[in-house]
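Please treat every number below as a calculation from the coordinates, not as lab data. Predicted, not measured: the structure shown is a model, and the values here were computed from it. Cβ sites come from the backbone with ideal geometry, for glycine too, and all protein chains shown count toward neighbours.
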Amino acid sequence: MFCSAVLEACDFALPAAEKLLELGMDWKEVLKLIPKATWCHRWLKTLGLMYAAKYENALKVLDSCPIFSGSPEGKALRGKIFVMQGRYEDSITHFEDAIAKKPTHLRHTDTLARMYCMFSSFKLDQMAGELDKITERVRNVAPNSVESYVCLAYRAVVQKRYELAAALAEKALKMDPYGIETALLMRKCIVDPTKLDKAELVLKRARRAHMTCFDIYDQLMDIYTSTERVSAAAALSKEATKAFGVTARTLHLEAIVLRAAAENSDVETDNSLYRRAAALLEKSIDLDFYYVPAYVTLVEIRRELEMEEENMELLENVQVELHANEIYRELGITYVNLDRHLDKAIAAFHRALRLNQFDMVAVSSLRKLQHLSNVTPFTAELRNLLNRIETATREEEEEETAKNQTDEQMSGAENSAADDSQPWSEDMESEQEMSVD
């Protein structure tokens with residue numbers, strides 16, 4: 001009601017219009033509130049379709065308006081659509097284009113920082129360098145902004161300085177307690193499983209303000225399943241399906257719930273739940289061939305059902321087209337479990353490491369295979385790669401220990417000088433009451 005009143009008083013209050021769209025009002029109804037502002041109708045239609053999870057239609061409308069689509073705001077909006085669609089890597093170029101066109105454009109720079117952090121495990125040097133650049137750029141424009149603290153925190157996460165990252169995240173959260181990026185950042189900073197309740201409360205509050213952000217549902221699902229709260233996970237999955245419809249991602253969430261239920265079942269081997277989960281994942285793949293998480297979960301569930309032959313057939317058929325670290329790693333594991341094609345297993349693990357040098361499952365699997373007498377000796381390239389990875393890992397662990405000691409001292413000093421009030425403690429009791437548990 002408040003946003004509607006603002007629009008009626010001022011046709012140009014576009015943030016109010018966008019919030020109405022995000023809250024679920026149809027874009028046609030929003031346009032009725034601002035009939036004179038015809039110049040922004042297609043822009044609002046794009047936003048309306050995006051928040052309604054009709055991403056391809058939103059992109060078509062945006063493309064139909066070159067004046068908007070080619071602007072910094074249009075480039076950033078395209079990046080946001082890709083993020084909401086789950087096309088994270090594709091979004092990076094568009095966010096970068098928006099900043100190149102308008103260096104002072106800060107909106108979504110926090111999202112871009114999250115993307116750089118997300119892909120840092122695959123392309124550490126490149127992504128870490130880009131994260132440094134965007135952080136410095138934001139700091140130069142607005143050093144005390146939410147975006148600045150978010151970028152700094154993600155840079156600390158990439159450096160595995162989690163104490164420092166958490167302190168920076170808390171600063172950002174105080175400035176934007178209901179924000180998507182601040183909530184997702186807080187979850188990323190918390191590596192101690194005993195402190196997940198803090199991240200859960202922040203994510204729940206952000207979800208109430210941003211019901212159309214799938215990433216929040218995804219992170220909450222991770223918390224519920226890791227803490228064996230199957231009923232909460234099931235309720236969350238239903239809410240996600242209601243918000244986004246039947247998609248590859250919502251089917252994947254539903255399958256994760258069924259797998260968690262099977263793992264926590266009183267029946268020693270409840271294969272019926274596993275089979276139902278596998279059927280959902282097959283449907284998920286049918287809806288989106290390129291949705292890699294569905295393949296990984298399907299392979300893991302089939303492994304529980306001792307269906308490694310089916311896994312081998314599936315992964316061999318899709319490995320080239322998907323060309324993903326996870327696919328090659330799971331194919332290597334499948335070859336090893338079947339105790340055949342061990343040379344192919346080595347090749348698969350090698351491909352996985354070329355895409356993600358921090359895949360320690362692939363590293364440990366290769367070390368085990370290296371000592372077998374019935375496999376072809378490793379090439380010099382692979383031996384050198386393994387040695388470099390293990391050396392880098394040891395050095396990184398030593399650096400991380402030293403950095404964490406320094407960060408603990410810094411965060412302790414900052415916390416003693418900061419306001420004792422926590423942004424999530426004000427409504428902790430009410431949020432716990434509203435929990436799906």
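If segment 317-393 were replaced by its equivalent ellipsoid, with semi-axes equal to the square roots of 5 times the Cα gyration tensor eigenvalues, what would those be, largest first, whole Å?
18, 16, 10
Quick one: net charge around ALA209, please, counting Lys, Arg +1 and Asp, Glu -1 for every other residue with C-beta under 12 Å from its C-beta.
Charge balance near ALA209 sits at +3.
Provide the FRET efficiency to the nearest 0.05 for the ARG383-LYS160 pair, computing r from the beta carbons and using R0 = 22 Å.
Plugging the Cβ-Cβ distance into 1/(1 + (r/R0)^6) gives 0.25.
If I take every Cα pair under 8 Å that is 6 or more residues apart in segment 317-393, average their sequence separation and divide by the length, what percent do I get for the relative contact order?
24
Rounded to the nearest 0.05, what FRET efficiency is calculated for MET360 and SER64 with R0 set to 41 Å and r the Cβ-Cβ distance?
The calculated FRET efficiency here is 0.30.
Ranked highest first by average number of other Cβ atoms within 10 Å, how do 46-56, 297-307, 335-345 line up?
With the highest mean Cβ count within 10 Å placed first, the list reads 46-56, 297-307, 335-345.
What is the spin-label model distance, in nm, from ASN374 to GLU228 if the labels are put 7 Å beyond Cα along the C-beta direction?
3.8
How far, in nm, would the chain grow between VAL246 and VAL292 when pulled straight, counting 0.36 nm per residue and subtracting the alpha carbon separation?
14.8 nm
Less than 13 Å Cβ to Cβ from GLY70, Lys/Arg counted +1 and Asp/Glu -1: what total charge do the surrounding residues give?
That works out to +1.
Suppose each label sits 7 Å from its Cα in the direction of the beta carbon; what would the ASP132-ASP266 distance come out to in nanometres?
According to this spin-label approximation, the distance is 5.8 nm.
Before anything else, pin down the relative contact order of segment 289-347: Cα pairs under 8 Å, at least 6 apart, normalised by residue count, whole percent.
31
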